Structure formats: C-alpha cells, structure tokens
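Each reported figure results from applying straightforward, stated rules to the coordinates on display, with no laboratory input. All of these numbers come straight from a predicted model, not from anything done at the bench. Note that we place each Cβ from the backbone using ideal geometry, even for glycine, and neighbour counts take in every protein chain shown.
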Amino acid sequence: MQILRQSLSSLPELLTALSVTRPLLVGRMPDTPVLSQAPVFHGYHENPDLSDCTALMDMFRAENCDGLIAIGGGSCMDTAKAGKAMLLTEDPTALYEGAVQIAQDRSLPLIAVPTTAGTGSEATQTAVVYVENCKLSLSHPALLPDAVILDPTVLRTLPPVQKKVCALDALCQGIESFWCQGATAESRRHASVAILSVLEQFPAYLSGDPDAERFMLRAAYESGKAIQITRTTAAHAMSYILTKTYGLPHGYACSITLPALWRRLNHYTPCRQRMEDLQMLLGLKSADDGPLLFEGLLAWLALPARPVLSDADIRALLSCINLQRLQNHPQPLTMDDCFSVYREAFTPDTKDHTADAVQLWREYAGLY
C-alpha cells in the first residue's frame, strides 16, 4: 500500500517512516533543508535510455545511499524506477530484454514527487526507457513507489505547453484504460475520475487556478492507478516512436492517433458496449462526438503543427510500434491498420471539420 501525502513538508516524516537516512535525489532539488546534503542525480535524457540508469546505479553506490527520491516528471520517475530495478536485479543485463528479476527479500525505498500532472508514473510499477531508439517497458511490483507526494504548488512554474501535453497524457491514459479489454470495475473508477477531471479542469488549470492544479494532479495520479491495472493500448503503442523520431512530447504523441483509433472502435461490434459507456460518461449525444470532441480540444490547445509524413516515413514507424501495448488494444490491429491510423492522424483536417470540432469542445467546456 502506497503512503500518500499532499505536501513536500511531509518529506522528513516519510524518510523516517521508510528508514532512509541518505537518499539519492533524482531530478530537481526542492527548497527543503532535509535534502540540503543529499547527492543529486540528473544525468538522464528527456526520454531516458536504459544506459542512463547505469550512471544512477554507480552514483547510488559511490554515495552510500539507502533510498531514492524522484522529484520531476515522467522521465525522472522512469529513470528512478529503472535505476531501482538495476540496483536490485540479480542480472542487470537481463533488463535489456525487459526481464526484471528481483528477489523477494530485496528492497529499496522510493519516494515519488511528480512535478507535472500527466504520466501518473508515481502510481505504477512500470518504467519506460529506450534501448537503441525502441521503447522498453520494465515492470515489477517492487518498482511501485513506496510513497507519493502530490503537492500542487510544484505545478506553478510549468510552461503552458508542458501543462498541455502532460494533461493530454493523463487524458489518453484514462480513455485507453476505460476501453481496454482488461478493464475492471476498479480500473474504470480510476479512469473515469481521470477523464472527467482533466476535461472539466483543463481551462481553469491553464489559467493558473489553484483548485484546478490540485484536481489535475490528482487526475494524473488516478490515470496512473487505472493503467497500473489495465496498461495502455494502441495510442500509446504508436506514440513512442513518434517521440523518439520527431521529438513530439509524449502526451501530444499519444493524442495524435487517439481520435482515429476511437472512430475504429466506435464501429467495432465487440466494443459497442464499452464505447457506449464512454459516450454516456462524457454525456455526449452520439458515439461520433467522442473523437470529434477530442479533436476540438487538440485544436483549441493550439499545439505545434504536426510533421508532414510521407508513406515511406510512416512505414519506417511501423517497425518500432510497441507490440505489447498494441496487443492490449481491444480491437485487433494489423500493420496495415496501423499504417491507416497513422495516415489519418497525420492528414490535416478540413477547416469545416476543425471548426465543428472546436465548437463542440467549447460548448462542452462552457467556453462561450
């Protein structure tokens, strides 16, 4: 069971509770005396490579540390969790094949302090890292953080674009978990909170409303709780190579293919009930309004233009789609299907379509 707190001021209490006397701080240094003498590791990439974790392991051992504190976004959390796997696993080389082998009697406390409202990584046992530009998921119960601090004040220095793309990640995770074939009543509860909170709080969050910051941070956590049960689906599976190849922020990369996948699921008979449930959750008049609403949100956010991809570009993406997440999608997808999804996602919408989408979003969000 995770220990959950709401303020960075609880950090000393958590360190005592977890018997940590010399933590290695992964990420940014907070303004708190308890960490003034703590060694700091920040030698990781924005989309961390597994080799980054070797440096973390070496520093942890050289500094005689006995615990980890990850303070940052998803990349920070993933680095800390993958670093923990490297420190605890009996065979570090097996990690390059995605195998995490940790003896039951081995432990290493990890406290997670998310500084973005998005990935929900603080609520999952999975670390996403890269090996030779291809995404690798490391998963083990021992990688679930022992304690989490959800302090909304840390969100106030985020640039607007970072707020946008991180919140999109939480929204995509909620939607994908909701329609996932492995969804349970519990995962649906977490996913529903994430979806509705992100959509309801987005405008106020971007305007700096303190209550919205608190709700958005919790929404991201709930999205993590949802995918801890179900994992993600095709939108995430198809996103990682977009981030590595074109530098698209992770949440944005996930959101690009989601409307096309949503339309396919709306017309896939075995998923009819779950898509109707999603429509009902959102309070929409028709199933077709779901992907249109999402496109309207994306257009309203005014994110950077998507790259123009040729058919050859798209074919190059197919070889690095994460098959594990793809197989978790509720509708079977071939590589030809994925090609079509990419093609639809990267084909600019008509002005009329975009106008209709934005109008639906503005009405939904009460933006008059």
- Hey, what number do you get for the chain at 222 nm if only DSSP H runs of n ≥ 4 count, each worth -39500 (n - 2.57), divided across all residues, to the nearest 500? -16000 deg cm²/dmol
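What is the stretch 159-365's relative contact order, in percent, from Cα pairs under 8 angstrom and six or more apart in sequence?
Working: 278 pairs, mean separation 53.4, N = 207.
Across the stretch 159-365, relative contact order equals 26 percent.
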- Query: Which cysteines does the chain leave without a neighbouring Cys Cβ under 4.7 Å?
  - Reply: CYS53, CYS65, CYS76, CYS134, CYS166, CYS180, CYS271, CYS320, CYS338
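Please grab the % of Cα pairs in the chain that end up more than 35 Å from each other.
Working: 14722 of 67528 pairs.
Beyond 35 Å sits 22 percent of the P(r) for the chain.
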- Message: From the Cα trace of the stretch 232-360, what convex hull volume per residue do you get, rounded to a whole Å³?
- Response: 108 Å³
- Message: Let me spell out the model: positive unit charges on the Cβ of Lys and Arg, negative unit charges on the Cβ of Asp and Glu, origin at the Cα centre of the stretch 159-365. What dipole size does that give, in debye rounded to 20?
- Response: 460 debye
- Query: If you take the charge dipole of the stretch 233-356 about its Cα centre, with +1 on Lys and Arg Cβ and -1 on Asp and Glu Cβ, which of LEU292, ALA237, HIS353 is farthest toward its positive end?
  - Reply: ALA237
- Note on the structure: Applied in sequence order to the stretch 198-211, the curve 6.51 cos²θ - 1.76 cosθ + 1.60 (Karplus, θ = phi - 60°) yields integer Hz couplings, x standing for Gly and Pro, of 4, 5, 6, 9, 3, x, 5, 4, 5, 8, x, 5, x, 5
- Note on the structure: Sequence order, the stretch 100-114: Karplus ³J(HN,Hα) from phi using 6.51 cos²θ - 1.76 cosθ + 1.60, θ = phi - 60°, Hz rounded, Gly and Pro as x, gives 10, 10, 10, 5, 5, 8, 9, 8, 7, x, 9, 10, 10, 10, x
- Item | Euclidean distance between Cα centres, the stretch 184-252 to the stretch 81-129, Å | 21 Å
- Note down the relative contact order for the stretch 123-229 as a percent, whole number, built from C-alpha pairs under 8 angstrom at least six residues apart. 32 percent
- Query: In terms of modelled amide H atoms, which long-range or inter-chain residues lie less than 5 Å from the amide H of VAL148?
  - Reply: ILE3, LEU4, ARG5, ALA112
- Please name which of LEU248, PRO160, MET275 has its Cα lying farthest along the dipole of the stretch 159-365 towards the positive end, using unit charges on Cβ (Lys, Arg +1; Asp, Glu -1) and the Cα centre as origin. LEU248
- Item | Contact order normalised by residue count of the chain, Cα under 8 Å, 6+ apart, percent | 14 percent
- Message: Please list the three semi-axes, largest first and in whole Å, of the ellipsoid equivalent to the stretch 3-153, using sqrt of 5 times the eigenvalues of its alpha carbon gyration tensor.
- Response: 23, 16, 14
